[in-house]
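The values are calculated or read from the model by the stated rules, or taken from the named source; none is laboratory data. Because the structure is predicted, anything quoted here is derived from the model rather than measured. No Cβ is skipped: glycine too gets one built from the backbone with ideal geometry, and neighbour counts run over all protein chains shown.
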Amino acid sequence: MEFLELKNLTKIYQKDILAIDKIDLKIKDGEFLVLLGPSGCGKTTTMRMIAGLEDVTEGEIFIEGKLVNNLQPRERGVSMIFQSYAIWPHMTVFNNIAYALKIKKMSKEKINETVKKVAKMSNIEEYLNRYPSQLSGGQQQRVAVARAMAVDPKLFLMDEPLSNLDAKLRVSMRTDLKEMHKRSGATTIFVTHDQSEAMSLADRIVIMNTGTIEQIGTPNEIYHDSKTMFVADFIGSPSTNFVDVKIISKDNKLFAKNDAFELPIDDKFNDKLHGYIDKDVVFGFRPENLVLSSDEEKLFDIDVVLVEPQGSHSVIVGRLLSKQIKIVSDEVRDMKNIKTLPIKSNGIYFIFDKETEKRIC
Ligand SMILES: Nc1ncnc2c1ncn2[C@@H]1O[C@H](COP(=O)(O)OP(=O)(O)O)[C@@H](O)[C@H]1O
Ligand SMILES: [Mg+2]
């Protein structure tokens, strides 16, 4: 059985604002699922409907097979952590975590035991007697996670919980959260607009775009098998380079042609491209799939705009047919005085329908 299921879920706010448009989603027990998408795509609305903080306009939410649409938030067994993690400043870490347990009338010994257990999982055992103001941002966030874990929720909802932390701390908290999830095994839905955070945390990623789901898959599936231009663009940094080409056929062989190059297309794509001959399509090259070449083997030259050294590799920013192209290269030598570079494809690319922006092959 699925742990959580959303069926045809729809949210229309007042004044006819369609925030969520008939989404279907199934989440397995113990899964770490990440909702990823740009600001305003409906991530928070989805979480709030699951938590019971927002009415559902249409559709159903099932937790462990049970329809919960009409259940109060506290009857759903869900714990939610928000962007502003709001732990209580006037209470020690211990009391912050113990608060909800006291309300539940748990025995003193059981409270002690539970607080110790979740504090250990969250690596804050040493700070139980401190007040929040005596903790760093990352430690405070761990307290918020511990507090949410203490009530032993069936489902954890985290809405951009790391976005108040500085860049370095975000990355280390990511690792901590993943470790905590491994230890607790709690089914988790995590919201972010940061693709790199999503990639590193998720068992599966749900990519959302204006109230709908674009694609669901493991981080690798989403990256290597992007189904739409939106996904290819949103996932990966630098993002996918899109190049307009026309599909042409010469002696039964297909080519992608524009003013800069003519690239022979692998015959295995012939069937899928059958209806596209003499039509415009969009090629998507991930930045690591365009590589520096010799002059003899090159597909095209780019005008080099600048080179961003990253230590282990460089990002070369160039121009092709007056559009920006970004290439990731192992080349780390000084390229300050280089004006143009010969480039070839390593044979890996996406081809998109220009109208629907869906992937053809
Ligand atoms: N309380 C509200 N009333 C009206 N519109 C809202 C309300 N909350 C969110 N929206 C709108 O719903 C859409 C989705 O918002 P939200 O779920 O907050 O997106 P995200 O969390 O992905 O940034 C946006 O267009 C937003 O302006
Ligand atoms: Mg939001």
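Glu2 is checked against (1) in contact with a strand residue (DSSP E or B) (Cβ under 6 Å, 6 or more places away or on another chain); (2) modelled with pLDDT under 95; (3) within 15 Å of ligand 1 (Cβ to nearest atom) and fails just one. What number does that condition carry?
(3) is the only condition that Glu2 fails.
When the residues of segment 267-295 are narrowed to those that are without any contact (Cβ under 8 Å) to a residue 40 or more places away in the chain and assigned to a helix (DSSP H, G or I), which ends up surrounded by the most Cβ atoms within 10 Å (Cβ to Cβ)?
Asn270
Going through segment 22-52 one residue at a time, which ones are surrounded by fewer than 16 Cβ atoms within 10 Å (Cβ to Cβ) and either within 11 Å of ligand 1 (Cβ to nearest atom) or among the β-branched types (Val, Ile, Thr) (or both)?
Residues satisfying the conditions are Pro38, Ser39, Gly40.
Out of all the residues in segment 5-17, which are more than 16 Å from ligand 2 (Cβ to nearest atom), out of contact with any Ser or Thr (no Cβ under 8 Å at 6 or more places or on another chain) and either farther than 24 Å from Phe82 by Cβ or at pLDDT 95 or above (or both)?
Glu5, Lys7, Asn8, Lys15, Asp16
With Arg170, Arg183 as the choices, which residue is farther than 26 Å from Leu53 by Cα, part of a helix (DSSP H, G or I) and without any contact (Cβ under 8 Å) to a residue 60 or more places away in the chain?
On inspection, the qualifying residue turns out to be Arg170.
Restrict the check to segment 306-323 and report whether at least one residue is without any contact (Cβ under 8 Å) to a residue 12 or more places away in the chain, small (Gly, Ala, Ser) and in the same structural domain as Phe261 (by TED's automatic domain parsing).
Within segment 306-323, one or more residues are without any contact (Cβ under 8 Å) to a residue 12 or more places away in the chain, small (Gly, Ala, Ser) and in the same structural domain as Phe261 (by TED's automatic domain parsing).
Cβ-Cβ below 7 Å, separation at least six or inter-chain, first residue in segment 42-62 and at positive phi, second within 9 Å of ligand 1 (Cβ to nearest atom) and modelled with pLDDT of 95 or more: which pairs?
Gly42/Ala19; Gly42/Ile20; Gly42/Met208; Gly42/Gly211
Residues that are among the hydrophobic types (A, V, I, L, M, F, W, C), in contact (Cβ under 8 Å) with a residue 12 or more places away in the chain, surrounded by 13 or more Cβ atoms within 10 Å (Cβ to Cβ) and under 23 Å from Met173 (Cβ atoms): does segment 6-21 have at least one?
No.
Residues that are farther than 19 Å from Asp353 by Cα and at pLDDT 95 or above: does segment 267-285 have at least one?
Checked segment 267-285: no residue is farther than 19 Å from Asp353 by Cα and at pLDDT 95 or above.
Name the residue, out of Phe62, Phe32, Phe82, that is assigned by TED's automatic domain parsing to the domain that holds Met208, within 16 Å of ligand 2 (Cβ to nearest atom) and farther than 16 Å from Thr210 by Cα.
When all the criteria are applied, what remains is Phe82.
Of the numbered conditions (1) part of a strand (DSSP E or B); (2) touching a helix residue (DSSP H, G or I) at 6+ places or on another chain (Cβ under 8 Å), Val231 satisfies every one except a single condition; which is it?
Of (1) part of a strand (DSSP E or B); (2) touching a helix residue (DSSP H, G or I) at 6+ places or on another chain (Cβ under 8 Å), only one is false for Val231: (1).
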